[in-house]
Structure formats: structure tokens, C-alpha cells
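Here is the structure we will look at.
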Amino acid sequence: VISTSTSLITENSPKIRENLHVDNQIPQTPSLISTQAHHTYDPDVPDPPRIDSNAVVYVNDQVEPTLVPVQSDHSPNMNTKPINFQATLHFEELKSEPKLNLNPKNPFSLRSLFLIGEHMERFELFSQFVLKPNSTTPVLPHATVSCSGTKPQYFLNRNCISLERSGFKDFNVPHLPQFISQDEFQQEFGNKNSSSTKRIPGVTLLHIFDRSCGNIAHYSGRVLFVHHVLHNAARYGIDPKSIQRIVIVAGPDTMKRFQNAEGYGRFHLSLLEVITYPSQPKITKESVDLSAEELKPDSNSVVIIESLDQLVASGPLMFEQVLITGFLKGRFFVTDIDSGAQRHLVSAVTNAPTVTLDSMILRRNLDMWMNNGTLSGNIGTITPRVVYIDREGSRRAVTFESKQLLFRLLERQSTKRGYQFESVHFEGYSALEQINLVKDAAIVLGVHGANLVNCMFMPPLSVLIEIFPYRFSHSMYVEGGMASLKYFPFRVSSGSEHPAVFNNSMSSSECIAHDHDCKVFYRDSPIELSTEDLSKMSDTLEEAFKYLENVASTTVVQPLAG
């Protein structure tokens, strides 16, 4: 059962201006495999020949490679003692009606679908949900589905059936449910005295991963939707205390990252532990008897299995209610507006990012998880550190010569402002070690990709600068995936062209949108910085430093209590 103590931050929390503190002296545990898994659905695409465009201005390759002192970890032995500053937030009443439209039929419906945000991220609450042995097809009594969400109610009502049908793809259910009449359902499963069908009381939150979840960015988009639903259930008319268990169906590709967690950097398991804290997930490939589980007060039962078959090895199950979740699209956190909050977390800082309550709850849970249930009181503290996240190999990387010029610039600009510059890499580090490298950083820079996932653990209002290769960009990490970070996209001005673009067969945007080979070509291109790019990066850094000056000088404008 979820208690109010599990949802660690609420709109009535008296204090949210806190920061994360853990010992910086972390033992380095070598990992067998990098946590930065490639996208499993990307085929091996041979790179077409690169053609230099006329616009390219290449940097001088006569570079001394050792001019910039680079640290490989977060060392507390800095030349000058850093002066930390605090990110301050406050609640503000929404001046209009909440955006969430709740269907009044929801409490009386056996199927209630919720669609959130512009991309209609969805989850659904089913009553009387049956799983049978040797079948991946759920059985449900026929009933009218009701839809709620952030779209207008007339749109939701008109399209509810088709929205539910397309939702099963998001839920990753192997087959569409079999709907049978109420009479048939009662005849087969409704006899409470029947010993063949086991009944599972309360609400079971079910999430089924797909193959792409070996990639930590794809995984985060799915499991952080579980985080959202767990901590916002009451907004959707669901009693949080009724959610008694969480069942994660990992599939073989993701299951190995749970079972051999240390070998994979422990990211998958660590993030799930943070989300479900204080519950401790149980990982098993054996059959699971949910009817015999022991439920502990103030926590959920969390089970990670490889397939649904493990639940029905001894016979069919009828769940009183199943809450099945999809995934977040192009973000890691739902905004307060999209979740229907009447009171929003905001900052008085000029041009501050959108602050999301979900991201603050995750930081609070992380603090509890890292400190054995004790809040450190330091979640919002920002240390004047500029951290460049490096990556091994040539894929999605800045070339050696350009990197040296970039490091000189970063070192010079950071020192001028009293900041410490560091270069780190995540390969071979555990999730905890990676978190500690960024958790108090003022500015983090890195090339686009899953390397930036850990930026969700940075302090609120800190700065993320995402570097894109020539022609390529995306919106996944805008404001850190809505992690309450100030975001600066940085796109290099020149590079190599794909043959189709060079020959004027199509524009670069058409090429990237419609040709997978072309997308991979630009997405994974090595990044070379021109003199124009270095000048633009200098301007971006100055803008970031000035913004952080405002963060440091801004105080709470109203109390958080009440």
C-alpha cells in the first residue's frame, strides 16, 4: 500500500528547497559492460561516404593535446573552495482551471483510459482483468470504455474506442484483449467458490517493457511513467493506498540487466528502487504466486519477472483491478499542468525552466534511497562545477582536436567565473557513481544521447547544454526531459553531407525524417567545431553563467507551507 510517506513531496510540503548530499569518496566498482546500451532496434547500417560541404571551416589540427587539466572523477580537492548556492522554488496558484478533464463516468466504468499531454501518453485502469495459462491474451468483460485526459472532453468521448485500441501498442500487451459478455465472464470466472481461478485483490500496477528498454533512455521513459502514476494517482481518481503491488514484465533483453545488475552498471535496478522506495524489488524467473504474497504497510510489493507466464503457472488469475501504463514520449517527467495540478512549483528566477513536481519527488526519493531513509536537506544546493560528459569511441563524439579546443575554452571560461571545470566519462561506472558525478553540478555539457540521462539527477534550475552534430537535433532533453533544468541546445554550424543531400536529391530535413540510413549518418556524425562554433559556445557559456548568477541571487518569494 502506498502511504503519504512514500509520496515524499506534495503540494502541501513545507519545504522543497533541499539538496542531495552523499560522500564524494565512492569506491569505484568496475562494470563488465557499459550502461550506455545502443538502441536495440537500430540495424547495422554501413556509413555512406562523407562529402565535405563548402560551408565547413575546419579547426587548426596543430593542437598540443595536454594543455587542459582534466579530472576523471568528482574530486573534492579543488584549488579554490567553491561557494555553493541554493535553487529556491515556491508554489503558485494556477490562475485558470486545471487542464485535466476527468470523465465523470470513470468511477462506474470497468475500463478507464487516461491520456496525458500533447502526445497523449496513456495508462488504463481495468476492473476484472483475467490472465489464463498458455495464453498472452487478457480476458475482460465487455463494457464501455471511458476516457479522461488533457484533450477536450468532446474529443475524448468521440475517439475513446480508437484511442484505447491504439493504446495497447503503447502498453506493449502481446495481444489485444478478448472481450466476452458479462454473463460469459461471470459463468467462467465469477464463481467466488471456484478454486481454479485465483483472485488478486486491490490494484495491481502492471508495466511491460519492450526490447528497446535495454537502452537507458528508453527504459527511463517507461519506468518514469510508472513513477508519475504512482505519485499522482489521486489526481486521476485512484486511491493511492489501493495500489498494493507493482509487476514489471521485463522480457529477456531487459531482464538480464536486472539479474546481472552490477555487470550492467546497475542503472535499471537503481532507478526502479528509487521510484518505488522504500519497497525492495524482487527479481525472479520462477513462477510467482501473487495471491500468497505478504503485503507490508507503507510500501508496495514490487516483482520483476521475465514473462506473464510466470504469473499463471498454477492456473488463471483474476485481478480485481489492473493499472497498466504506457511510456512518456520525448520527456522523462509530466508537467504539473498536464497532471491537472491547481498549484504549481515555480521559480522567481528570470527565464527559469518549467519546474515539475514529478522531478522533485524523484530527487527526494533519491535522497532517501542514498541515505537509508534519511533526508539530507540538500537537494537544491548547486556547486560551481562545469562538467563535460565525455564518451569513449567515435560514435556521437567530438573529434580529438575539437575537444582539446573546447576544453581550453571551458577551462578558461569556468576559471574566469570561479567555477571548477571537469571532464568525466560514464563508461565503466555504476549508476551511483554516475549520479555522484552530476548531482550537484551547476553546468553539464555533453553530446546528445543516453549519456545525458543522468542529468535528471542534477539540482533543479541548474544548466544542461546539449551538443548536436551537423544537421541533427531532437527534443528529448529539452529542460532535461522536463527535469526542471535550464536548457541550451548547441548545434554545430558545419559538417559532412549525406550523398542524397549533397546531390540535391532531397533536403536534409526530408532525408533525416524519411531515410533511416540518412538519420543515422547525421545522428552519429563526428563533431568538429569551427571557429564560429567555438565563439558561439563562448556566448552560450556566458549566457549560462549570467543565468546562474540570477539563480544564486534569488530568494524564496513566498513560503512553501500551506
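The values are calculated or read from the model by the stated rules, or taken from the named source; none is laboratory data. Please read these numbers as outputs of a predicted model, since none were measured by experiment. Reconstructed Cβ throughout: ideal geometry from the backbone, glycine too, with neighbour counts over all protein chains shown.
Contact map, the range 99-110: residues that are at pLDDT below 85 paired with residues that are surrounded by fewer than 18 Cβ atoms within 10 Å (Cβ to Cβ) and among the polar types (S, T, N, Q), Cβ distance under 9 Å, separation 6+ or inter-chain. Pairs shown: LYS105/THR144. ILE435: over 18 Å from the mean Cα position of the chain (by Cα) and either among the aliphatic types (A, V, I, L, M) or buried (at least 22 other Cβ atoms within 10 Å of the Cβ) (or both), yes or no? Taking the combined requirement at face value, the residue does not satisfy it.
Number of residues in the range 451-469 that are outside any loop (DSSP other than H, G, I, E, B) and either of a type in the set (Gly, Ala, Ser) or on the phi > 0 side of the Ramachandran plot (or both) equals 0.
ASP309 meets all of the listed conditions (1) part of a helix (DSSP H, G or I); (2) over 18 Å from ASN172 (Cβ atoms) but one, namely (2).
All told, GLY149 meets the bar of being crowded, with 21+ Cβ neighbours inside 10 Å and farther than 23 Å from ALA250 by Cα. Tell me whether the range 214-226 contains one or more residues that are closer than 21 Å to LEU323 by Cα, in contact with a strand residue (DSSP E or B) (Cβ under 9 Å, 6 or more places away or on another chain), in a helix (DSSP H, G or I) and among the hydroxyl-bearing types (Ser, Thr, Tyr). Among the residues of the range 214-226, not one is closer than 21 Å to LEU323 by Cα, in contact with a strand residue (DSSP E or B) (Cβ under 9 Å, 6 or more places away or on another chain), in a helix (DSSP H, G or I) and among the hydroxyl-bearing types (Ser, Thr, Tyr), which makes the answer no. Could you list, in sequence order, the residues of the range 86-112 that are surrounded by 14 or more Cβ atoms within 10 Å (Cβ to Cβ) and not in a loop (DSSP other than H, G, I, E, B)? Of everything in the range 86-112, those that are surrounded by 14 or more Cβ atoms within 10 Å (Cβ to Cβ) and not in a loop (DSSP other than H, G, I, E, B) turn out to be GLN86, HIS90, PHE91, GLU92, ASN101, ASN106, ARG111, SER112. For the range 367-374, the condition of being crowded, with 24+ Cβ neighbours inside 10 Å and not polar (S, T, N, Q) holds for at least one residue. Tallying residues that are of a type outside the set (A, V, I, L, M), surrounded by 24 or more Cβ atoms within 10 Å (Cβ to Cβ) and more than 28 Å from PHE168 (Cβ to Cβ) within the range 337-366 yields 3.
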